[in-house]
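Novice: The following block contains the structure, expressed as structure tokens.
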Amino acid sequence: MLFSRRALVRALAASSFVLAAAQAHAQSVKIGIVGPFSGPFAHYGALFKAAAEAYVAGQGGKLGGREVELIYRDTGGPNPAQAKGLVQELIVKDKVDYLGGFVFTPNALAVAPLIQQSQTPTVIFNAATSAITEKSDYFVRTGYTLWQVTVPLARWAAKQHIARVVTAVTDYGPGLDAEAAFKNEFARQGGTVVESIRMPIATTDFGPFVQRIKASGAQAVYTFLPGGPPNLGFIKAYNENGLARSGVRFLGTAETDEFDLQKFGDSAVGLTTAFHYSGAHDSAANKAFVAALKKQDPGAVANYASVGAWDGMYVIQKMIEATGGRKDGPKAIAAARALQWESPRGPVRIDGKTRHITQDVYLRQVEMVGGVAVNKEVESFGPQLDHGLAQ
Amino acid sequence: MTVLFNIAVDGLAYGMVLFVIAVGLSLTLGLMRFVNLSHCAFAMVGGYCAAFLVRQAQWNFWLAVPAAIIATAALGAVLEMLVLRHLYRRKELDQVLFTIGLSFFLIAATNALAGPQVQLIPLPPGLAGSVDLGFRTLPAQRLLVIGAGLAVAAGAAWIVARTRFGVWLRAAVDHSGTASSLGIPIRVVQCASFAAGAALAGFGGILGAELMPLEPYYALKYLVLVLVVVAVGGMGSIAGSLAAAVVLGVIETASKYLASDWGSLFFFLAMAALLAWRPDGLLKR
């Protein structure tokens, strides 16, 4: 005999257990979270996970009265083919009701046809190119776009009687996007961009670029840099070469992100940025968010990635409520279009036309508060649409 | 004119950073004939140790740097005694595979221990500022790097060429059997040389951290730069590495001032041209 009787009984018991578990899960709403959970960008995935789970835990483990099951899928870095494969599997095999996540634009663009065909509402937590939400009717975005934060910054600079600006951006997609946004709006406000420097993505020594900025005679530098080493290198070079002292203001967006900020130390103090979220935003909603996040994962940072995931989960919750937990993409998206709420970042709403989040953008300055560097919001520019789509 | 001065100053400073990071690999590769692709991982270990000692343990910078270098050397010595010595007689491919694997291991370990964020080594007040050169300012730390780079070049060249240890090292590599029968303690020489290579890597990691910030992927990210300097300079040639680092540093810096839209094209074009001209190294005849 191949199987002993005891083994057979065990196998039967095990299979009935699996069946029972599957039935229990059939009642739950499945949400696939796609992002980098390994490799150099793994901190994004970790923040998505911490914020999403903190949100669900804060709702008593249920969204819209339904159990939720979060399924994480790892794309590593920008890898459209892999993202597409993973999302196809999530839709066909795991039968997810909602998708969330996405750090990189190419990954989000790659899955647009899949979510369109399967009518799967997909909330983008981060990927920041304006055009993404146009590629499928089922995209909603709770992150930001470079145009959204750069255009008010360019207007503000013009109002400060800054007439000549040099742009210095990292030479890749988002950098060029940022450069275009600033140049376009600053020219419209009557300012001049005296020089546009594009810095190779592999740059380690930013000294030469900073010298060029100094020599250009501009009153301010608008910059865009990817997080991590380039960010740090540029800000160090900016300080060490005495740009602030010679009167060249620093204008940025995500450069003083909370994830890198503590590493800058005193060298970041006084840097001016325009952005939609500061971990130091003074509101009850933000304090609750920061506390919930810390409780879930003491290492998690309240920044644009975690707040994007947190608000993304809010949108998914509202879509579950609107559809009673059944999978009904069109109905869910219709509900998302009308949403308006108080986010940790301030008052926000989903723009009915573009499905991108309309949010207040703030002018911030880095300050030391009790030995910790924070982005202090000094001025609100009021609600901003995605200016990139308005072009 | 100012641009030319700027290119010379920034290029020299950048070249010196490249040199201090690369010189250790040039020695292990050229003198020990051991393909150590985990060189940058040792540099990273040195940098992280220094960052930890200065920031977390609140040590004095000037005390923390030697301590971090010694720690890196000790790690190198232990790894050499336990595993790497079995690789000396294996083929280059085995060495490459093992040391790349070691790099991945150290990346993952760093990530797990310290997290993915960039780590800074806080500089003492004397180094944190800038020095006025008359026509421009230069970060004071770069002057230290330039001085330290020249000191390392001179010191290493002296040890290899003039001391008893240098003689032993060259003998042990060229013909270990004969060297051993002449009473040279081969194992001690090998272990000490490898530890010295690791120590130089750690030193480079600490001094270079201002331009190449420490993070887990450091171990692979800057490996290409280091290999380019070693290849162009000629393996084992300290003066060659110094010349290659400065020439490539100046070319890279000039392209940033004058033709930044071309990215790192000129750096790699220069590498190709120099290798075609002198395949065995810049200063080898």
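Novice: With touching a His at 6+ places or on another chain (Cβ under 8 Å) and surrounded by fewer than 23 Cβ atoms within 10 Å (Cβ to Cβ) as the only criterion, which of B:24, B:30, B:101, B:115 stands out?
Specialist: One residue alone meets the criteria, B:115.
Novice: Hey, any hits in the stretch A:179-199 for a residue that's open to solvent by less than 30 Å² (accessible area, probe 1.4 Å), within 23 Å of residue A:235 (Cβ to Cβ), modelled with pLDDT under 95 and outside any helix (DSSP H, G or I)?
Specialist: There is at least one residue in the stretch A:179-199 that is open to solvent by less than 30 Å² (accessible area, probe 1.4 Å), within 23 Å of residue A:235 (Cβ to Cβ), modelled with pLDDT under 95 and outside any helix (DSSP H, G or I).
Novice: I've got another one for you. Just give me the residues in the stretch B:178-224 being touching a Cys at 6+ places or on another chain (Cβ under 8 Å), among the aliphatic types (A, V, I, L, M) and more than 12 Å from chain A (Cβ to nearest Cβ), in sequence order.
Specialist: B:201, B:223
Novice: Moving on. What residue, among those in the stretch B:123-134 that are assigned to a loop (DSSP other than H, G, I, E, B) and either of a type in the set (S, T, N, Q) or open to solvent by less than 50 Å² (accessible area, probe 1.4 Å) (or both), is nearest to residue B:23 (Cα to Cα)? Give the steps one after another, and end with the answer.
Specialist: Applying the first criterion (assigned to a loop (DSSP other than H, G, I, E, B)) to the stretch B:123-134 yields B:123-124, B:129, B:133-134.
From what's left, either of a type in the set (S, T, N, Q) or open to solvent by less than 50 Å² (accessible area, probe 1.4 Å) (or both): B:123-124, B:129.
Values: B:123: 23, B:124: 25, B:129: 27 Å.
For the stretch B:123-134, the residue satisfying everything is B:123.
Novice: Same structure again: Please work out if residue B:12 is in contact with a helix residue (DSSP H, G or I) (Cβ under 7 Å, 6 or more places away or on another chain), in a helix (DSSP H, G or I), open to solvent by less than 10 Å² (accessible area, probe 1.4 Å) and in contact (Cβ under 8 Å) with a residue 60 or more places away in the chain.
Specialist: Values: in contact with a helix residue (DSSP H, G or I) (Cβ under 7 Å, 6 or more places away or on another chain): yes; in a helix (DSSP H, G or I): yes; open to solvent by less than 10 Å² (accessible area, probe 1.4 Å): no; in contact (Cβ under 8 Å) with a residue 60 or more places away in the chain: yes.
Judged against the criteria, residue B:12 is not a match.
Novice: Quick test of your reading of the structure: residue A:282 fulfils all but one of (1) within 14 Å of chain B (Cβ to nearest Cβ); (2) open to solvent by 30 Å² or more (accessible area, probe 1.4 Å); (3) closer than 18 Å to residue A:365 by Cβ. Name the failing condition by number.
Specialist: Condition (1) is where residue A:282 drops out.
Novice: Quick check on my filter: what residues within the stretch A:240-257 are of a type in the set (A, V, I, L, M), open to solvent by 10 Å² or more (accessible area, probe 1.4 Å) and more than 19 Å from the chain's Cα centre (by Cα)?
Specialist: Kept after step one, since they are of a type in the set (A, V, I, L, M), are these residues of the stretch A:240-257: A:243-244, A:248, A:251, A:254.
Narrowing further to those that are open to solvent by 10 Å² or more (accessible area, probe 1.4 Å): A:244, A:254.
Correct list: A:244 only.
Novice: Out of the residues in the stretch A:72-103 that are under 17 Å from the mean Cα position of the chain (by Cα) and among the β-branched types (Val, Ile, Thr), which is surrounded by the fewest Cβ atoms within 10 Å (Cβ to Cβ)?
Specialist: Result: A:103.
Novice: Check residue B:280 against each of (1) under 18 Å from the mean Cα position of the chain (by Cα); (2) charged (D, E, K, R); (3) under 28 Å from residue B:164 (Cα atoms) and name the one condition it does not meet.
Specialist: Result: residue B:280 passes all but (1).
Novice: Tell me yes or no: at least one residue of the stretch A:258-278 is surrounded by 20 or more Cβ atoms within 10 Å (Cβ to Cβ), part of a helix (DSSP H, G or I) and more than 14 Å from chain B (Cβ to nearest Cβ).
Specialist: no
Novice: If you don't mind, there's one more thing I want to ask. Out of the residues in the stretch A:163-175 meeting the condition of being assigned to a helix (DSSP H, G or I) and either small (Gly, Ala, Ser) or within 18 Å of residue B:259 (Cβ to Cβ) (or both), tell me which one is nearest to the other protein chains (Cβ to nearest Cβ).
Specialist: Looking at residues that are assigned to a helix (DSSP H, G or I) and either small (Gly, Ala, Ser) or within 18 Å of residue B:259 (Cβ to Cβ) (or both), I get A:175.
Novice: Still on this model: Look at residue A:182 and say whether it is touching a residue at least 12 places away in the same chain (Cβ under 8 Å) and not assigned by TED's automatic domain parsing to the domain that holds residue A:271. Spell out how you get there, then give the answer.
Specialist: Values: touching a residue at least 12 places away in the same chain (Cβ under 8 Å): yes; not assigned by TED's automatic domain parsing to the domain that holds residue A:271: no.
No; evaluated as a whole, the condition is false for this residue.
Novice: Considering only the stretch B:135-161, state which residues are open to solvent by 70 Å² or more (accessible area, probe 1.4 Å) and more than 22 Å from the chain's Cα centre (by Cα).
Specialist: Restricting attention to the stretch B:135-161, the residues satisfying the condition of being open to solvent by 70 Å² or more (accessible area, probe 1.4 Å) are B:135, B:143, B:150, B:158-159.
Within the stretch B:135-161, B:135 is the sole residue that qualifies.
Novice: Determine if the stretch B:214-230 includes at least one residue that is aromatic (Phe, Trp, Tyr), without any contact (Cβ under 8 Å) to a residue 60 or more places away in the chain and either over 22 Å from residue B:103 (Cβ atoms) or open to solvent by less than 10 Å² (accessible area, probe 1.4 Å) (or both). First the steps, then the outcome.
Specialist: Of the residues in the stretch B:214-230, the ones aromatic (Phe, Trp, Tyr) are B:217-218, B:222.
From what is left, the residues that are without any contact (Cβ under 8 Å) to a residue 60 or more places away in the chain are none.
No, the conditions are met nowhere in the stretch B:214-230.
Novice: Exactly one condition in (1) part of a loop (DSSP other than H, G, I, E, B); (2) under 23 Å from the mean Cα position of the chain (by Cα); (3) of a type in the set (A, V, I, L, M, F, W, C) is not met by residue A:232; state its number.
Specialist: (1)
Novice: Let me ask something additional. Of the numbered conditions (1) of a type outside the set (Phe, Trp, Tyr); (2) in a loop (DSSP other than H, G, I, E, B); (3) open to solvent by less than 20 Å² (accessible area, probe 1.4 Å), residue B:35 fails exactly one; give the number of that condition.
Specialist: Single failed check for residue B:35: (3).
Novice: Being among the small types (Gly, Ala, Ser) and crowded, with 21+ Cβ neighbours inside 10 Å is the requirement here; does residue B:263 meet it?
Specialist: Working: among the small types (Gly, Ala, Ser): yes; crowded, with 21+ Cβ neighbours inside 10 Å: no.
So residue B:263 does not fit the description; no.
Novice: I want to confirm something. Restricting to the stretch B:19-58 and keeping residues that are at pLDDT below 90 and within 12 Å of another protein chain (Cβ to nearest Cβ), which single residue is farthest from residue B:111 (Cα to Cα)?
Specialist: B:21
Novice: Out of the stretch A:201-239, which residues are within 7 Å of another protein chain (Cβ to nearest Cβ) and either small (Gly, Ala, Ser) or open to solvent by 20 Å² or more (accessible area, probe 1.4 Å) (or both)? Don't jump to the end; show me each part of the working.
Specialist: Of all residues in the stretch A:201-239, those within 7 Å of another protein chain (Cβ to nearest Cβ) come to A:202, A:204-205, A:207-209, A:211-212, A:228-229, A:232-233, A:236.
Correct list: A:202, A:207, A:212, A:228, A:233, A:236.
Novice: Here's a follow-up. Considering only the stretch B:127-134, I want to know if a residue exists there that is without any contact (Cβ under 8 Å) to a residue 60 or more places away in the chain, away from every other protein chain (no Cβ under 11 Å) and not β-branched (Val, Ile, Thr). Spell out how you get there, then give the answer.
Specialist: Keep residues of the stretch B:127-134 that are without any contact (Cβ under 8 Å) to a residue 60 or more places away in the chain, which gives B:128-132, B:134.
Cutting the leftovers down to away from every other protein chain (no Cβ under 11 Å) gives us B:134.
With the extra rule that they be not β-branched (Val, Ile, Thr), the set shrinks to B:134.
Among the residues of the stretch B:127-134, at least one is without any contact (Cβ under 8 Å) to a residue 60 or more places away in the chain, away from every other protein chain (no Cβ under 11 Å) and not β-branched (Val, Ile, Thr), which makes the answer yes.
Novice: Which one is farthest from residue B:70 (Cα to Cα), of the residues in the stretch B:164-202 that are among the β-branched types (Val, Ile, Thr) and either surrounded by 20 or more Cβ atoms within 10 Å (Cβ to Cβ) or touching a Pro at 6+ places or on another chain (Cβ under 6 Å) (or both)? Can you show your working first?
Specialist: Let us first name the residues in the stretch B:164-202 that are among the β-branched types (Val, Ile, Thr), namely B:167, B:173, B:178, B:184, B:186, B:188-189.
Next cut, either surrounded by 20 or more Cβ atoms within 10 Å (Cβ to Cβ) or touching a Pro at 6+ places or on another chain (Cβ under 6 Å) (or both) only: B:173, B:189.
Working: B:173: 24, B:189: 17 Å.
Only one residue fits best here, namely B:173.
Novice: Another question, then. Taking the residues in the stretch A:288-313 that are open to solvent by 10 Å² or more (accessible area, probe 1.4 Å) and touching a Leu at 6+ places or on another chain (Cβ under 8 Å) as candidates, determine which candidate is farthest from residue A:349 (Cα to Cα). Steps first, answer last, please.
Specialist: The first filter runs over the stretch A:288-313 and keeps only residues open to solvent by 10 Å² or more (accessible area, probe 1.4 Å), leaving A:288, A:290-292, A:294-299, A:301-302, A:304, A:310.
Still in the list and also touching a Leu at 6+ places or on another chain (Cβ under 8 Å): A:301-302, A:310.
Details: A:301: 24, A:302: 20, A:310: 14 Å.
Out of the qualifying residues, it is A:301.
The values are calculated or read from the model by the stated rules, or taken from the named source; none is laboratory data. The structure displayed is predicted, hence computed values, not measured ones. Positions of Cβ are generated from backbone atoms using ideal geometry, with glycine treated the same way; all protein chains shown enter the neighbour counts. All accessible areas refer to the heavy atoms of the entire protein, side chains included, with ligands and DNA or RNA removed. Shrake-Rupley method; radii C 1.70, N 1.55, O 1.52, S 1.80 Å.
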